[in-house]
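Engineer: Starting off with a structure, shown below.
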Amino acid sequence: MNLHGRDIRRIALQEGISQGEHQKAIETAKKLIEYGDSAEKIALVTGLSQETIVQLQNEIAQQ
């Protein structure tokens, strides 16, 4: 495998890890919303934006 191929694999792996971390943060935020925590606290804990938290709160409320 040449260096270019290795770079592509490394980047793809990093993107996959990043997407997995984001999905885990979403799952954690949803659990914290169910426990009644504030958007500010959830954003601080998960690293997600408060806007994202509010969107998740709205989605959960509509279920």
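Engineer: Run lengths n ≥ 4 of DSSP H only: what is the helix-derived mean residue ellipticity at 222 nm for the chain, with -39500 (n - 2.57) per run over all residues, to the nearest 500? It would help to have the intermediate numbers written out before the result.
Structural biologist: Values: 3 runs with 53 residues, N = 63.
For the chain, the value works out to -28500 deg cm²/dmol.
Engineer: Once you have the alpha carbon radius of gyration of the chain, what is it after dividing by 2.2 N^0.38 Å, with N set to its residue count?
Structural biologist: Against the compact-globule rule of thumb, the ratio is 1.52.
Engineer: Further question: Accessible area per residue, 1.4 Å probe, Å², for the chain: what's the number? Walk me through the numbers before you get to the answer.
Structural biologist: On the way: 5030 Å² over 63 residues.
About 80 Å² of surface per residue is accessible.
Engineer: Using Cα atoms only, what is the angle between the long axis of helix 50-62 and the major principal axis of the chain, expressed in degrees (0 to 90) to the nearest 10?
Structural biologist: So the inclination is approximately 60 degrees.
Engineer: While we're here: Starting from the residue with the highest accessible area, list Leu44, Leu56, Leu13, Leu32 in decreasing order, probe 1.4 Å.
Structural biologist: Leu44, Leu13, Leu32, Leu56
Engineer: With charges set only on the Cβ (+1 for Lys and Arg, -1 for Asp and Glu), what does the dipole of the chain come to about its Cα centre, in debye to the nearest 20? Let's see the in-between values first.
Structural biologist: Working: 7 positive and 9 negative charges, 68 e Å.
With Lys and Arg at +1 and Asp and Glu at -1, about 320 debye.
Engineer: Next question. Leaving ligands, DNA and RNA out of it, report the carbon-plus-sulfur percent of the accessible area of the chain at a 1.4 Å probe. Don't jump to the answer; show the numbers that get you there.
Structural biologist: Working: 2550 of 5030 Å².
C and S fraction of accessible area: 51 percent.
Engineer: For Thr28 and Ile11, calculate 0.36 nm times their separation in residues minus their Cα-Cα distance, and state this gained length in nm to one decimal.
Structural biologist: 3.6 nm
The values are calculated or read from the model by the stated rules, or taken from the named source; none is laboratory data. These numbers come from a predicted model, not from an experiment. No Cβ is skipped: glycine too gets one built from the backbone with ideal geometry, and neighbour counts run over all protein chains shown. Quick note on the areas: whole protein, heavy atoms, side chains included, nothing else; ligands and nucleic acids left out. Shrake-Rupley method; radii C 1.70, N 1.55, O 1.52, S 1.80 Å.
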